[in-house]
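To keep things clear, I will list the structure first and then write my remarks on it.
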Amino acid sequence: MLIIFALYLSKLIGFMLRFIHQILINARDLATSLSIGKFMSVVETIKEQIESNDILLYMKGTPRFPQCGFSSRASEAIMSCDARFAFVNILESPEIRAELPKYANWPTFPQLWIKGELIGGCDIIAEMAASGELKELIDSVAVNADSAES
């Protein structure tokens with residue numbers, strides 16, 4: 001009886017070691033793909049979004065349903081300029097939320113990008129809106145977009 005138990009135990013231990021070994025290999029492969037491939041694709045996605053949209057706001061929530069006060073103030077300021085703009089809800093894109101601050105060298109959200117240039121966050125957007133500078137900038141982008149289409 002003891003011999004049968006010892007054989008059973010040795011087979012069980014062997015199975016467990018193979019199982020743990022496979023888990024470690026899979027974890028290593030996953031970590032490698034996340035640290036190399038995924039990072040590159042997220043940065044490429046960010047670049048493509050910025051290059052493809054003249055006016056782009058990275059925010060928490062949407063302009064109609066902002067999920068923080070800063071995003072609400074920023075989107076309201078941009079909407080008051082009566083121009084169409086693109087937005088990315090970073091709450092639905094955790095990879096972008098994690099990588100954009102590194103890419104932009106700007107730690108917070110929202111982030112306003114115009115013609116591929118980071119303008120700033122909520123306070124800068126609000127100051128520019130109050131001074132009329134935001135409307136001028138957005139209008140100049142809209143005029144350039146209209147003339148490019150003609």
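Some values worked out for this structure:
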| quantity | calculated |
| --- | --- |
| Amide H contacts under 5 Å for ILE119, placed H, 5+ residues apart | LEU112, TRP113, ILE114 |
| Potential extension, GLU95-GLU127 segment - 0.36 nm per residue separation minus Cα distance | 8.6 nm |
| Distance in nm between pseudo-label sites at GLU44 and SER80 (7 Å out along the Cβ direction from Cα) | 4.0 nm |
| Accessible surface, 1.4 Å probe, highest first, among residues MET79, MET1, MET128 | MET1, MET79, MET128 |
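The values are calculated or read from the model by the stated rules, or taken from the named source; none is laboratory data. All figures in this text were calculated on a predicted structure; none of them were measured in a lab. In this analysis, Cβ positions are derived from the backbone assuming ideal geometry, glycine residues included, and neighbour counts consider all displayed protein chains. Accessible surface is based on the protein model in full, side chains and every heavy atom, while ligands, DNA and RNA are left aside. Shrake-Rupley method; radii C 1.70, N 1.55, O 1.52, S 1.80 Å.
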